[in-house]
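See structure below.
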Amino acid sequence: MAETVQYALDRGVAIITLDRPAAMNALDDPTKDALRAAVERAAADPAARAVLITGAGRAFCAGQDLQGHAGHLRDGRGLNGTVREHYNPVVLGIAAMRKPVVAAVNGVAAGAGMGLALACDLVVAADGASFVPAFGGVGLAPDSGVSWTLQRLVGRARATEILLLGERITAPRALEIGMIARVVPAGELAGTALELAARLAAGPTAAYGLTKDALAFAAGSDLAAALEREAELQEDAAATADHRGAVEAFLAKERPAFQGR
Ligand code: T3D
């Protein structure tokens, strides 16, 4: 794995850190390869029951690396297949992962960096962080799932405004419009986000995976279909050792110890 993406484990949490601080963690080709590999690794890692994605330095991620991109444009390679090769698998990997994924947005999240943050299940941001829908600024349309995630989070009118005007959205404003889950003082971000991810990792992670599945399915279905999907998923949840153990623990007035299965 390239050195520009770090992978570590702490209390059941796979911590993926974009680590190109001099370039605001912009996504050049090796970093995109490594990010995709890290997401795939976290999904498959039995020691990881939750995932935390963050950035090193003052940015979360400035999106596509425009230096490398300019090179591809000049030599006629255009997008060089990166949307299908990198962004789509990363976003789908996060969405399909049956583990909670937390984004700790430590600074600016621009373009595909904003897409990466919004693809995560819970977004916690530092009070000085911001979201920049930078696509239009460089004459591009949204990718990395932003056209899908943003309007589901904030509604179509606001999503259209955000994407067409391209204005920077501060973390407090993002919280106000329902784009993200929490804002904390910058000095507390790393600790708060890790605590949250560790809490999730110690929880009924199989049920959390099924919850992600239910939410994703319901986003694109009618009520009857959503109810049927809930019934199927609830049968899976009811068959877990976590469910049986938690019911017994409740009756014994004890705290449940979840194993994630
Ligand atoms: O195939 C495809 O490529 C299509 C896929 C596209 C997906 C996308 O992500 S499109 C959007 C690409 N990203 C951008 O357009 C963002 C460009 N950057 C900015 O708008 C601003 O830099 C930020 C809002 C992110 C941060 O602003 P600020 O004022 O805090 O910092 P700065 O001074 O602009 O930037 C600091 C350094 O980071 C600077 O380098 P320098 O001058 O100190 O050597 C700047 O060039 C560099 N940097 C920032 N963003 C990028 C970048 N270098 C390469 N690529 C970047 N995206």
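Please treat every number below as a calculation from the coordinates, not as lab data. As the structure is a prediction and not an experimental result, all values here were calculated from the model. Note that we place each Cβ from the backbone using ideal geometry, even for glycine, and neighbour counts take in every protein chain shown.
General remarks:
- Region 1-107: proportion of alpha-carbon pairs further apart than 21 angstrom, %: 34
- For region 153-189, GluC sites (Glu not before Pro) are listed when DSSP marks them as loop and at most 14 other Cβ atoms sit within 10 Å of their Cβ; the list is GLU167.
- Charges were assigned to the Cβ only: +1 to each Lys and Arg, -1 to each Asp and Glu. The resulting dipole of region 56-203 about its Cα centre is roughly 240 debye.
- Converting the Cα gyration tensor eigenvalues of region 122-261 into ellipsoid dimensions via √(5λ) gives semi-axes, longest first, of 35, 22, 11 Å.
- The chain - convex hull of the alpha-carbon atoms, volume per residue in Å³: 134
- Note on THR170 and ARG74: the extension gain reaches 31.2 nm, defined as 0.36 nm multiplied by sequence separation minus the Cα-Cα distance.
- Panel order for ARG199, ARG168, by other beta carbons found within 10 Å of each beta carbon, from fewest to most: ARG168, ARG199.
- Residues CYS120, CYS61, arranged from fewest to most other Cβ atoms within 10 angstrom of their Cβ, appear as CYS120, CYS61.
- The reciprocal of the average 1/r between distinct C-alpha atoms defines the Kirkwood hydrodynamic radius, which for region 192-241 equals 11.9 Å.
- Burial ordering of LEU9, LEU27, fewest other beta-carbon atoms within 10 Å first: LEU9, LEU27
- Extension reserve of the ASP45-GLN259 stretch, reckoned as 0.36 nm per residue once the Cα distance is removed: 75.6 nm
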